[in-house]
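Here is the structure we will look at, set down as structure tokens.
The values are calculated or read from the model by the stated rules, or taken from the named source; none is laboratory data. On a predicted model such as this, the values are computed, not experimentally measured, just so you know. When we count neighbours, we look across all protein chains shown, and the Cβ atoms used for this are built from the backbone with ideal geometry, even at glycine.
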Amino acid sequence: MHTLQQLIEQGVTEGLYLGASYLAFQREAGLLAEGAAGWAQESPEVPVTAGTVWDLASITKPVATASSILILAQQGCFHLDEPISSFLPYPSPGLVGVTLRHCLTHVSGLRPWAQLHSRGLIRNEIVAEVCAAERQRSPLAGYAYSDLGYILLGEVVHSVAGSTVADFARAQIFAPLGMQNTSYLPPPEWRDRLAATRCPDRERILLGEVHDGNCDALGGVAGHAGLFGTAADLLTYARMLLNEGELNGTRILCPLAARQMMRNQNPPGVNGHTLGWFTRPSGYLPAGDFLPEDTFGHTGFTGTSLLMSPSLGLVTVLLTNRVYQQRDAADFIRFRRRFHNAVAGLLA
């Protein structure tokens, strides 16, 4: 049995997640490993397959939102060092000095999170409140991984493009690349392929509803969360990015934009982040012990991750519904780093 498959099945046995799917791909060698284990849904039991659709959680940030921002930038709609307040629909005096780049790289000084759900606010009221948010610190004074910053970036896409980040990303990224199993607000016909999650705030099992409470309060479409998709579709996106913005004759990003999306943008002494992705020396990057210095990627609270190593042409996808088990994340975080060690062990 394959080492990765053993690890994935061990995770099910140990109760780290209800189910999982994974793949490892290398540009020169092709698919190194692919598999699944456990259950997408528990009652009745629906096994995980390669076609299972997962709540990708914060992988939304780079794949949908940051990519959409870069597409708009390469179209000349703005440059990344412009004030984000210039493109927001509500007054935002607390954001003076905060740029699009600051929000993309989590050095805006904004709070990481705020409880925007469970307060009876409608979408416009939530957006107005986030726009009015005050900083905790000055831009570039430190790194704080901020959902609020990416909620604002999603609203920038809406304001500038005239369509939601969901519609823009579908038209400009997912449809052109043939990512037919990636979407916000998954349609009812996907129900039998969806991986369930469990939400303590809503006290029920979710199927096709976003796990993130703030995104749910925003109608399921936001810049920080809300995207659902498959491992194969994430591989398609990653191959495009590693190929400097183009795949099979379809160009999504210009080469210069794609290169910047793969490089650390933060100054020394500040946690590493590209225009959308964790990178060295970020402690958020679960690259294990052996993947090279140019590795970058992103994780999601539901138990998802997508990592890329340009020097190796390597893509690794691990998708789980670990929140279904409602246990502390520490064991899963250790497991995920061991998983990426095992991926490194596949490489000749």
Return the total of residues in segment 261-289 being more than 24 Å from Leu80 (Cβ to Cβ) and in contact with a Gly (Cβ under 8 Å, 6 or more places away or on another chain). 2
Given the condition of a type outside the set (Asp, Glu), free of Cβ contacts under 8 Å to residues at least 60 places away in the same chain, in a loop (DSSP other than H, G, I, E, B) and outside the structural domain of Ile122 (by TED's automatic domain parsing), answer yes or no: does some residue in segment 185-197 qualify? yes
Which of the following residues is of a type in the set (Phe, Trp, Tyr) and either at pLDDT below 95 or more than 23 Å from the chain's Cα centre (by Cα) (or both): Tyr90, Tyr22? Tyr90
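Considering only segment 262-300, state which residues are surrounded by fewer than 18 Cβ atoms within 10 Å (Cβ to Cβ) and more than 19 Å from Gly245 (Cβ to Cβ).
Result: Pro267, Pro268, Gly269, Arg280, Pro281, Gly283, Tyr284, Asp289, Phe290, Pro292, Glu293.
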If you check Glu209 against the conditions, is it in a loop (DSSP other than H, G, I, E, B), under 18 Å from the mean Cα position of the chain (by Cα) and among the acidic types (Asp, Glu)? yes
Report whether or not Leu16 is at pLDDT 95 or above, of a type outside the set (Asp, Glu), under 30 Å from Phe335 (Cβ atoms) and assigned to a helix (DSSP H, G or I). no
Exclusive hit being crowded, with 22+ Cβ neighbours inside 10 Å and under 17 Å from the mean Cα position of the chain (by Cα), set Leu185, Leu153: Leu153
Which of the residues spanning segment 233-256 are in contact with a Gly (Cβ under 8 Å, 6 or more places away or on another chain) and buried (at least 18 other Cβ atoms within 10 Å of the Cβ)? Thr236, Leu242, Ile252, Leu253
Within segment 30-47, is even one residue among the aromatic types (Phe, Trp, Tyr) and more than 20 Å from the chain's Cα centre (by Cα)? yes
Among the candidates Gln26, Gln10, single out the residue that is without any contact (Cβ under 8 Å) to a residue 40 or more places away in the chain and of a type outside the set (A, V, I, L, M). Gln10
Test Gly219 against the stated conditions and say whether it is surrounded by fewer than 20 Cβ atoms within 10 Å (Cβ to Cβ) and closer than 18 Å to Gly300 by Cβ. no
So Arg170 passes all but one of these: (1) within 25 Å of Ala20 (Cβ to Cβ); (2) part of a helix (DSSP H, G or I). Which condition number does it fail? (1)
Quick check: is even one residue across segment 83-90 free of Cβ contacts under 8 Å to residues at least 12 places away in the same chain, surrounded by fewer than 19 Cβ atoms within 10 Å (Cβ to Cβ) and not in a helix (DSSP H, G or I)? no
Name the one entry in Val270, Val315 that is over 15 Å from Ala64 (Cβ atoms), at pLDDT below 95, among the β-branched types (Val, Ile, Thr) and not in a helix (DSSP H, G or I). Val270
Among the residues of segment 239-253, is any under 23 Å from Val156 (Cα atoms), touching a residue at least 24 places away in the same chain (Cβ under 8 Å) and in a loop (DSSP other than H, G, I, E, B)? yes
Among the candidates Arg101, Arg111, residue that is farther than 19 Å from Leu218 by Cβ and surrounded by 15 or more Cβ atoms within 10 Å (Cβ to Cβ): Arg101
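Tell me yes or no: at least one residue of segment 140-148 is part of a helix (DSSP H, G or I), of a type in the set (Asp, Glu), within 21 Å of Gly300 (Cα to Cα) and under 22 Å from the mean Cα position of the chain (by Cα).
yes
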On the given criteria, is Tyr145 hydroxyl-bearing (Ser, Thr, Tyr), closer than 19 Å to Ile59 by Cβ and touching a Cys at 6+ places or on another chain (Cβ under 9 Å)? no
Give all pairs with beta carbons closer than 6 Å in which a residue from segment 320-331 that is not assigned by TED's automatic domain parsing to the domain that holds Thr230 meets a residue that is of a type in the set (Lys, Arg) and part of a strand (DSSP E or B); count only pairs at least 6 apart in sequence or on separate chains. none
